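The values are calculated or read from the model by the stated rules, or taken from the named source; none is laboratory data. Note that the coordinates shown come from a computational prediction; the quantities given were computed from them, not determined experimentally. Glycine gets a Cβ as well: all are built from the backbone with ideal geometry, and neighbour counts include every protein chain shown. Side chains are part of the model used for accessible areas, which takes the heavy atoms of the whole protein and leaves out ligands, DNA and RNA. Shrake-Rupley method; radii C 1.70, N 1.55, O 1.52, S 1.80 Å.
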Amino acid sequence: YERIQHPNGGFIDMLDTHLDATGGDSGNATRAAESKQTVDLAHRKDDCFVAFLTGDLNSGSTGPAVKNFQAAGFVDSYLTVHGPDYTAKNGNTSSVKLADGAFDQNPKNRIDFIFARNAGGRTAKPISSEVVFKNHDAKGFYPSDHFGVITTFEVKM
């Protein structure tokens, strides 16, 4: 968690997390608990500032972690910009094969997210959002086992 002062004098709250990667029901339970702790932190620090939450959630958009963030008012920027059909087809970020010659990638899971939460009349509206880090070196090696997400927001303070 970090509170950043915007050049106009307002503040923006930034939260970043990397939730547990364990599979199955045990992993879902752990991620649900971790997401609740993250939401509790956001609520404790909430002074009616726009908040951004980013992270590798190791959970799809229907998992309990994502649902906890959405229930707390955090909005999925990629989904907001692109809608459900495009997101389901083009929003996957994991997993990426890490090997020379792995030029063609077809990630099956969407586990990396950027969320925003409005507060106190202050708003963060996503205006563009893309899956990134699709670059590879000359041998087909990628920089990460995930693609990333980048979102541009219109923020009104």
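Name the residue that is nearest to PHE115 (Cα to Cα), counting only residues in the stretch 66-97 that are among the small types (Gly, Ala, Ser) and in contact (Cβ under 8 Å) with a residue 40 or more places away in the chain.
From the stretch 66-97, those among the small types (Gly, Ala, Ser) are 71-73, 77, 83, 88, 91, 94-95; that's our starting set.
Among the residues that remain, those that are also in contact (Cβ under 8 Å) with a residue 40 or more places away in the chain are: 72-73, 77, 91, 94-95.
Numbers: ALA72: 11, GLY73: 9, SER77: 6, GLY91: 14, SER94: 18, SER95: 21 Å.
The qualifying residue nearest to PHE115 (Cα to Cα) is SER77.
In the stretch 134-157, which residue that is aliphatic (A, V, I, L, M) and touching a residue at least 60 places away in the same chain (Cβ under 8 Å) is most open to solvent (accessible area, probe 1.4 Å)?
MET157
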Exercise. Report, by residue number, each residue of the stretch 107-133 that is open to solvent by 30 Å² or more (accessible area, probe 1.4 Å), within 23 Å of LEU19 (Cβ to Cβ) and not polar (S, T, N, Q).
Key: LYS108, GLU130, VAL132, PHE133
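Please go through the stretch 71-80 and pick out each residue that is assigned to a helix (DSSP H, G or I) and over 16 Å from VAL149 (Cβ atoms).
The first filter runs over the stretch 71-80 and keeps only residues assigned to a helix (DSSP H, G or I), leaving 71, 77-80.
Within the stretch 71-80, ALA71 is the sole residue that qualifies.
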Quiz item: Only one of (1) at positive phi; (2) over 13 Å from the mean Cα position of the chain (by Cα); (3) not β-branched (Val, Ile, Thr); (4) not in a helix (DSSP H, G or I) fails for GLY83. Which number is that?
Solution: (4)
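Just the residues that are over 21 Å from GLY73 (Cα atoms) and either open to solvent by 50 Å² or more (accessible area, probe 1.4 Å) or of a type in the set (S, T, N, Q) (or both), please, taken from the stretch 13-23. Reasoning before the result, please.
The initial filter retains those residues of the stretch 13-23 that are over 21 Å from GLY73 (Cα atoms), namely 20-23.
ALA21, THR22, GLY23, listed by residue number.
Quick one: would you say ASP100 is in contact (Cβ under 8 Å) with a residue 12 or more places away in the chain, closer than 15 Å to MET14 by Cα and either among the basic types (Lys, Arg) or assigned to a loop (DSSP other than H, G, I, E, B) (or both)?
Numbers: in contact (Cβ under 8 Å) with a residue 12 or more places away in the chain: yes; closer than 15 Å to MET14 by Cα: no; either among the basic types (Lys, Arg) or assigned to a loop (DSSP other than H, G, I, E, B) (or both): yes.
No: the conditions fail for ASP100.
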Quiz item: Checking LYS67 against (1) at pLDDT 95 or above; (2) assigned to a loop (DSSP other than H, G, I, E, B); (3) surrounded by fewer than 20 Cβ atoms within 10 Å (Cβ to Cβ), which single condition isn't satisfied?
Solution: (2)
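Just checking, which of ASP16, ASP46 is assigned to a strand (DSSP E or B), closer than 20 Å to ALA71 by Cβ and either of a type in the set (Asp, Glu) or touching a residue at least 60 places away in the same chain (Cβ under 8 Å) (or both)? Reasoning before the result, please.
Working: ASP46 fails: assigned to a strand (DSSP E or B).
The match here is ASP16.
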